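Notes follow the structure.
The values are calculated or read from the model by the stated rules, or taken from the named source; none is laboratory data. Computed from a predicted model, the values in this text were never measured in an experiment. We place every Cβ from the backbone using ideal geometry, glycine too, and count neighbours over all the protein chains shown. Calculation scope for accessible area: heavy atoms of the full protein, side chains included, ligands and nucleic acids excluded. Shrake-Rupley method; radii C 1.70, N 1.55, O 1.52, S 1.80 Å.
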Amino acid sequence: MSTISRDEVARVAALARIDLRPDEVARLAGELDVIVESVARVSEVATADVPATSHPLPLTNVFRDDVPEPALPIQDVLAGAPQQENGRFAVPQILGEE
Amino acid sequence: MTAATTTGLVAYEDAVRRYDPVLGIEVHVELGTLTKMFCAAEVAYGGEPNTQVTPVSLGLPGALPVVNGKAVEYAIRIGLALNCSIAESCRFARKNYFYPDVPKNFQTSQYDEPIAFDGWIDIELDDGEVFRVEIERAHMEEDAGKNTHVGGATGRIQGAEYSLVDYNRAGIPLVEIVTRPIEGAGERAPEVARAYVQTLRDIFRTLDVSEAKMERGNVRADVNLSLRPTPESPLGTRTETKNVNSFRSIERAVRYEVSRQAGVLDAGLTVIQETRHFHEEDGTTSSGRVKSDAEDYRYFPEPDLVPVAPSREWVEEIRATLPEMPVARRRRLQTEWGYADAEMRDVVNAGAMDLIEATVAAGTSAAGARKWWMGELARRANQDEVALEALAVTPEQIAQLQGLVDSGRLNDKLARQVLDGVLAGEGDPEAVVAARGLEIVSDDGPLLAAIDEALAAQPDIVEKVRGGNQGPIGAIIGAVMKATKGQADAKRVRELVLDRIGS
Amino acid sequence: MTQDITRLSASDLASALRNKDVTSVEATQAHLDRIAAVDGDLHAFLHVSSEEALATAAEVDAQRAAGAELHLLAGVPIAVKDVVVTKGLPTTAGSKILEGWIPPYDATLVERIKAAGLPILGKTNMDEFAMGSSTEHSAYGNTKNPWDLDRIPGGSGGGSAAAVAGFEAPLAIGTDTGGSIRQPGAVTGTVGVKPTYGGVSRYGLIAMASSLDQAGPVTRSVLDAALLHELIGGHDPHDSTSIDEPVPGVVAAAQQGAQGDLKGVRVGVVKELSGEGYQAGVSARFDESLDQLRALGAEIVEVSCPSFGYALDAYYLIMPAEASSNLAKFDGMRFGLRVEPAEGPVTAERVMGATRGAGFGDEVKRRVILGTYALSAGYYDAYYGSAQKVRTLIQRDFAAAFEQADVLVSPTAPTTAFKFGEKLDDPLAMYLNDIATIPANLAGVPGMSLPNGLSDDGLPVGFQILAPAKADDRLYRVGAALEAALESRWGGPLLNQAPELKTTELAR
């Protein structure tokens, strides 16, 4: 019995902005379940007294001086654009904005 | 159609009589650094689209962020000015959401570890009442790019619309300041909201961390509002009104939301927790799209950046260089100058505080400085429809002018003439006095000649005065003043006339 | 000597160039010819940049002729994994979503390669976005193992490993998030090094998991790896996680190690990284190598790292979580593929979904979905948060083990190269390839894999050496010593025992 339902996979896929075909949803529900069960083991040892490590080396305060450097030339900026217009990236209609 | 949009508005006064409004305000300020938050792209207002981007601010594959140290310093300055604690260590996090103006499809922000937290500021309302606003946090983040929407005119299918994106703004450093719920404002909630943002704007300028121009979007406010039956009731459901980008709009948006939410509650419905948009044209708000995944930002610590751990020495160094905050300065100056509350308020509203301060610093009494700036100069500024500081006269010149009056070298009327000369660009008051020959005549010689002439011209009055009736003496004095073009000291003339008549 | 140029190690080729026995144009052309002859079968390259490489070579030759001071490796050609951005050269990260994309900037390590005058032969194949252990997840077809064309070359950097093993390039760049340099090294009989996290700039590496990714050398000898490591390593202000210290003296350490004296060196055998699950031939070669080290004077001790048992689990939370966010930028708005939905309104949101649905392969989708799930509301603490704690435990295990030993060792991978398709439908079995390599990524410590013989199936086996953070030089000292001893026993490099590749007749 899968703990991750197809609905859950569909919800997460929407969150991740990936259109999945129904067969992909079904397959991923099965596969993710195996992985999630296996990784759930980490909670066995990840007790409250263990601090989290987010960076392998304990660096802090890596700052840059506030000094401008040349920008990318505009032709390079737009070179990869699927669509462009007047120096800007043309993107499909954006819903939900004024 | 949501329930909220179908209910009517309740008159504001009625609404605040029956409901207690609670505010929460989020202010974003664009920092005035030379470069962006995480890359060295230059920040400059009004550049051609996409000319201020690097692989980092464009979110290109492989690009990595590096924190702008100046932006951190500015954030600490803001935190300290807001009486916040500065974190010993804090981190950036990724706020994941897909949007075309967010180049990486996540915003690098701070989440559970803001750089500054637990602060407060006092704001002063129009009548001088001081209101304390508690600050929950101030954190660093980056701005998004700018979308321009094209098409979508009537008759075009929805799918024909598109947008153009400019990433010049993407990555500009922001500090977001979040209040705790602002309670107890009552009917003055709109004014409190406006005064709070105005105070912050003044603070940003005083700190020199931002140009803080509302009209350019340097300062942007989101206003949360909820209503509850009484101040003792639990907090009601709030709405967040975005795009409120002028002081007047803030006031209007709060008023409108109070009226609207009261209407919803009166109808027995519940307020929907949502984002609302403010409309400048008619002062209303409307429901924003409810995004299904808006709340699931999947925050996690930004692995491409290391923690920011400002040393206590650095924080104290920054604290030591903080300028005096506007409200504190205003209070100090009022005490020093001995102005009444109403007087001080008028001075502040007229934008005369700095000018008076400089005039006083140049040696004029506080009363004298106020007399000039709030009297004659305010009248002239008003007449020319310019700001006080735009008048072509400096506080030092006003101080010199008042000095001439105080020393008896000018009377008020002459002083106004000297001011005319200064404003006309004829130089400092001393120079105008010399050039125009406007000094009070204090030598008795020329005065006596004028007096004798006047006495000879009006023997009947001389008789009356000699007979004990001093009433008509004014006519003699007037004639003398006229003859000396007003440059005589009227008091001295009177003495000399009486002496001459021998009464 | 054109015929033999491609068999030379990078350091020998560098000497030949310095002595003007050969020009860089000749050397570069020889490798381009070799690519033309064998890459039809191997498919190690996604893009071959002949013109640019020859132009660089000619420039270096001219500089050398003019007596200019040149980098030691100037003129030695190199191949670059396609996950590293190269200005003007297509960069796809093995994904359809980036097909045809030409980066407008160079990765820092590419800048250093260019500044040193190494001609870039081209971009090597890989699992899409470096997600995989076999290159079977490349959107552009499998790379074959030069030892057996029916078998995987490892992954994700199978292209770089196969290019070096197949004598198409003396040097290559790899990246290693969970073993993607070391595991391909093991199954192709090449040397691969994952430096200390932060030792080589990540600026310009198309990120999979930011806190784990690290670029490093792929070569045929330990000394060559050290030379390349020194070239690409060192502080980069564009990478906030870059170590602001000089690169450890890896070349000197390799030269010292080659003398064959390991007296006083304590070698720790990680109990948890051997035994069950390891192919018999792999275990046998490993034990022999321990004997060899002992013979060189090293002291062998056993160490225990109990938390390593959770490393794979933690890795498969952290890696997909970070990847899900790092890969969000591939949305069809600014660069790369844009796909419109087959039906319904064309909105930005729907175009993003369609683009990502069509542009990402199965494994990428699997990891992005898993990572999104792990970070989504309500799961962060249980999954990502817990995994970060496991990371702490693994670091503690390493710290304790390095109290007892100067380096730690294990087999690099549990098995030799498997056949195509064997594990494709079993993600967990695929992930087990990285069981021995992942702990180093989680802790940020450096690791090396070098060939230590052939298994019973006649395929190469890899020996892994791990050192404390910033002590990368220890890898090279021990690695070079073992390499020298093994090669003297074999009578030359292990790759000499690889079968000759079928060559296509050149139409030059």
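The table that follows gives values for the structure above.
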{"quantity": "Inter-label distance for C:Arg294 and B:Glu183, nm, one decimal - labels placed 7 Å from Cα along Cα-to-Cβ", "calculated": "7.5"}
{"quantity": "Order by protection proxy (mean Cβ within 10 Å, highest first), peptides C:405-418, B:407-420, C:139-152", "calculated": "C:405-418, C:139-152, B:407-420"}
{"quantity": "Full-extension gain in nm, B:Ala340 to B:Gln417, via 0.36 nm per residue minus C-alpha separation", "calculated": "24.7 nm"}
{"quantity": "Extreme residue, positive dipole direction of the protein assembly as shown, given options C:Ala225, B:Val360, B:Met140 (C-beta unit charges)", "calculated": "B:Val360"}
{"quantity": "Residue-averaged beta-carbon neighbours from other chains (10 angstrom radius) around A:24-33", "calculated": "3"}
{"quantity": "Amide H partners (placed H, <5 Å) of C:Cys305, local residues excluded", "calculated": "C:Lys271, C:Glu272"}
{"quantity": "Area buried, chain A against chain B - accessible surface, total, 1.4 angstrom probe, square angstrom", "calculated": "4000"}
{"quantity": "Gain upon complete extension [B:Leu498, B:Glu232; 0.36 nm per residue less C-alpha separation]", "calculated": "88.1 nm"}
{"quantity": "Residues listed by number, region C:293-325, amide nitrogen under 13 Å from C:Arg266 label point at 7 Å toward C-beta", "calculated": "C:299-304"}
{"quantity": "Shape category assigned to region C:83-237 from the gyration tensor of Cα positions, a/c cut at 1.5", "calculated": "rounded"}
{"quantity": "Residues of chain C: accessible area per residue with a 1.4 Å probe, Å²", "calculated": "29"}
{"quantity": "Peptide ranges C:441-450, C:175-184, C:384-393, C:83-92 listed from the most packed, as the mean C-beta count within 10 angstrom indicates", "calculated": "C:175-184, C:441-450, C:384-393, C:83-92"}
{"quantity": "Net charge contributed by nearby residues that have their C-beta within less than 14 Å of B:Ala390 (K/R +1, D/E -1)", "calculated": "-3"}
{"quantity": "The protein assembly as shown - percent of accessible surface contributed by carbon and sulfur, probe 1.4 Å", "calculated": "49"}
{"quantity": "Net +/- balance of residues flanking C:Leu393 in space, Cβ distance below 14 Å, scoring K and R +1, D and E -1", "calculated": "-1"}
{"quantity": "Estimated [θ] at 222 nm from DSSP helical runs (n ≥ 4, -39500 (n - 2.57)) normalised by residues in chain C, nearest 500", "calculated": "-12000 deg cm²/dmol"}
{"quantity": "Sites C:Ser488 and C:Asp150, calculated FRET efficiency, Cβ-Cβ separation with R0 30 Å, nearest 0.05", "calculated": "0.40"}
{"quantity": "Inter-chain shielding of C:207-219 (mean C-beta neighbours from other protein chains, 10 Å cut-off)", "calculated": "2"}
{"quantity": "Ratio Rg/Rh, restricted to the protein assembly as shown and using Cα atoms, in which Rh is the Kirkwood radius", "calculated": "1.15"}
{"quantity": "Computed E for B:Asp443/B:Ala475 - FRET, C-beta separation, R0 22 angstrom, nearest 0.05", "calculated": "0.40"}
{"quantity": "Separation in nanometres of the label points that stand 7 Å from Cα toward Cβ, at B:Glu26 and C:Arg7", "calculated": "6.8"}
{"quantity": "With DNA, RNA and ligands ignored, accessible area of C:Phe129 (1.4 Å probe; Å², nearest 10)", "calculated": "0"}
{"quantity": "Virtual paramagnetic centre 7 Å along Cα→Cβ of C:Glu99, amide N under 12 Å, in region C:131-160", "calculated": "C:139-141"}
{"quantity": "Global geometry of region C:408-463, whether rounded, prolate or oblate, following the gyration tensor of its Cα atoms and the 1.5 cut on a/c", "calculated": "oblate"}
{"quantity": "Using a Förster distance of 51 Å, the FRET efficiency for C:Ala284-B:Lys213 (Cβ separation, nearest 0.05)", "calculated": "0.10"}
{"quantity": "Neighbouring partner chain Cβ atoms per residue of C:373-385, average, 10 Å criterion", "calculated": "6"}
{"quantity": "For region B:17-48 and region B:483-503, distance of Cα centres in Å", "calculated": "67"}
{"quantity": "Calculated diffusion of region B:325-436, Stokes-Einstein form, Kirkwood radius summed over Cα pairs, 37 °C and 0.692 mPa s, µm²/s", "calculated": "231"}
{"quantity": "Inter-label distance, nm, simple model (7 Å from Cα along the C-beta direction), B:Asp266/A:Ala40", "calculated": "5.3"}
{"quantity": "Three-way shape call for chain A based on the alpha-carbon gyration tensor, with the a/c threshold at 1.5", "calculated": "oblate"}
{"quantity": "Within region B:77-159, GluC sites (Glu not before Pro) in DSSP loop having at most 15 other beta-carbon neighbours inside 10 Å", "calculated": "B:Glu88, B:Glu129"}
{"quantity": "Given charges at beta-carbon only (K, R positive; D, E negative), |dipole| of the protein assembly as shown in Debye", "calculated": "500"}
